[in-house]
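Here the structure comes first, spelled out in structure tokens, and everything after it is commentary.
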Amino acid sequence: MQYWVKVMFVDNQELLIKDAVSHRLSEDQEFIYLESPREMILVPIKQIKYLSCDAAVFASKKPA
């Protein structure tokens with residue numbers, strides 16, 4: 001599944017990834033990993049004002 005992820009930085013610049021395949025927090029909680037089929041971006045948590053993503057990522061599964 002591909003979805004969009006938007007990162008707004010503390011300096012008001014923004015990063016939009018339209019074809020993300022995953023985003024996750026690092027084990028030490030210092031970075032956010034943003035992955036797309038073409039690249040992987042590491043963003044330091046201290047540089048992020050907010051992060052938003054497509055709500056379809058959190059859609060519940062239908063009962064069997």
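Within a straight-line Cα-Cα reach of under 18 Å, residue 46 can be paired with the following aspartates and glutamates, leaving aside sequence neighbours fewer than 8 residues apart in one chain: 11, 14, 27, 28, 30.
Rolling a 1.4 angstrom probe over the protein heavy atoms with all chains in place gives region 3-50 an accessible area of 70 Å² per residue. The accessible-area ordering, largest first, of the residues 35, 30 stands as 30, 35, per a 1.4 angstrom probe.
In the set (i) 25, 22, 17; (ii) 45, 25, 22; (iii) 49, 27, 14, which value of Cα extents along the principal axes in Å was calculated from the structure you see? The calculated read-out lines up with (ii).
The values are calculated or read from the model by the stated rules, or taken from the named source; none is laboratory data. Bear in mind that the values here come from a model prediction, so they are computed numbers and not experimental data. Accessible surface areas use protein heavy atoms only, side chains included; no ligands, DNA or RNA. Shrake-Rupley method; radii C 1.70, N 1.55, O 1.52, S 1.80 Å.
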